[in-house]
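The values are calculated or read from the model by the stated rules, or taken from the named source; none is laboratory data. The model shown is predicted, which means the values in this text are computed figures rather than measured ones. Cβ atoms come from the backbone with ideal geometry, glycine included; neighbour counts cover every protein chain shown.
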Amino acid sequence: MKLKLTALAVAASFAAGSAFAAGEIVIKFSHVVAQDTPKGKAAEFFKKAAEQRTKGKVKVEVYPNSQLYKDKEELEALQLGAVQMLAPSLAKFGPLGVKEFEVFDLPYIFDNYDELHKVTQGPVGQQLLTKLDSKGIKGLAFWDNGFKHLSANKPIKLPTDVKGLKMRIQSSKVLDEEMRSMGAMPQVMAFSEVYQALQTGVVDGTENPPSNMYTQKMHEVQKHLTTTAHGYLGYAVIVNKKFWDGLPADVRTQLEGAMKDTTAYANKIAKQENDEDLKRIAASGKTTVYNPTQAERAAFRKALAPVHAKMTERIGADTVKAVQTVTGFKAN
């Protein structure tokens, strides 16, 4: 770990010295998913928009698919300045010490994108982003991925079907409690390692939006997917605060414009991409896609409802209440 920290510090020192070399500002944008996911496409869109708006003053280098850093490493790399921009999933901020972001992990907290956007595009979302300042991070925007479904090598029609399964999750206490409430055994694992873990049986299943599942070919090593839509997976686009604050004011304004355009694009394609990838998964013939009945969905909601009460103190009652008020959430 000490060696890794030293390597990152050296990389950060080099990046700081070269970011403004010859009048060109370089933004290294690292992420852990494939280029053809909603986030991957949005990152490329931002690259073009930023370079165009700044008339070449800014060069954006996009590194997808964990080319530079895995899940656990990327936030540390950003804080040290080894990269300038990330779009980590919202579950990543709890382990960083900003537990309020785990409100997004609560099961069934959002019923649809309209409810979600009332939070991410409103005052509550902006207040959450400002909580990153103390960590040396500037939050710029929220990008959608989609709603998560459960997959495994056995049919899942009820919460009891998940009992005893080793289920991969992100490092989130809320997601841990979510799986335990259904009797599953949560396994925290880097996204880049999930395919192999599913293939070799290290884990039995996972929860993912269809776009992540399809682009990482997880459907090739999972026989069943159930469209539970029990949770949301989204991202916060963040930059190293010192780097951002040090940019010329006009460049910062131009980049904010590029990010606004990119966010509109990212959120527009997210649902479309997930809907299409779900169809591709079903058409592959390798994974059986099951749509639960109304009664079965109600059973999942009932099984997961206690997670809200158990995790409210950890997340912060004010944050949970603020989100529930905006969305009109009512416990079943």
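Collect the residues in segment 314-332 that are of a type in the set (Lys, Arg) and either under 23 Å from Asp176 (Cβ atoms) or at pLDDT 95 or above (or both), keeping them in residue-number order.
Answer for segment 314-332, where residues must be of a type in the set (Lys, Arg) and either under 23 Å from Asp176 (Cβ atoms) or at pLDDT 95 or above (or both): Arg314, Lys321.
So Leu225 passes all but one of these: (1) buried (at least 17 other Cβ atoms within 10 Å of the Cβ); (2) over 27 Å from Lys157 (Cβ atoms); (3) hydrophobic (A, V, I, L, M, F, W, C). Which condition number does it fail?
(2)
Of everything in segment 242-300, what is among the aliphatic types (A, V, I, L, M), assigned to a helix (DSSP H, G or I) and either closer than 30 Å to Thr160 by Cβ or touching a Cys at 6+ places or on another chain (Cβ under 7 Å) (or both)? Give them in sequence order.
Leu278, Ile281, Ala282, Ala283, Ala295, Ala298, Ala299
Restricting attention to segment 88-113, which residues are more than 17 Å from Ser172 (Cα to Cα) and touching a helix residue (DSSP H, G or I) at 6+ places or on another chain (Cβ under 9 Å)?
Phe110, Asp111, Tyr113
Which residues, counting only those in segment 300-326, are more than 23 Å from Ala184 (Cβ to Cβ) and within 20 Å of the chain's Cα centre (by Cα)?
Selection gives Thr319, Val320, Val323.
Considering segment 26-58 alone, what residues qualify as being part of a loop (DSSP other than H, G, I, E, B) and among the hydrophobic types (A, V, I, L, M, F, W, C)?
Val32, Val33, Ala34
State whether the residues of segment 143-154 include one that is surrounded by fewer than 22 Cβ atoms within 10 Å (Cβ to Cβ) and at pLDDT 95 or above.
For segment 143-154, residues surrounded by fewer than 22 Cβ atoms within 10 Å (Cβ to Cβ) and at pLDDT 95 or above: present.
Would you mention how many residues in segment 298-320 are surrounded by fewer than 18 Cβ atoms within 10 Å (Cβ to Cβ) and either among the hydrophobic types (A, V, I, L, M, F, W, C) or closer than 16 Å to Asp111 by Cα (or both)?
Matching residues across segment 298-320 total 7.
Taking interchain pairs and intrachain pairs at least six residues apart, which have beta carbon atoms under 8 angstrom, with the first residue in segment 265-286 and within 20 Å of Pro155 (Cβ to Cβ) and the second in a helix (DSSP H, G or I) and among the hydrophobic types (A, V, I, L, M, F, W, C)?
Ile281/Met213
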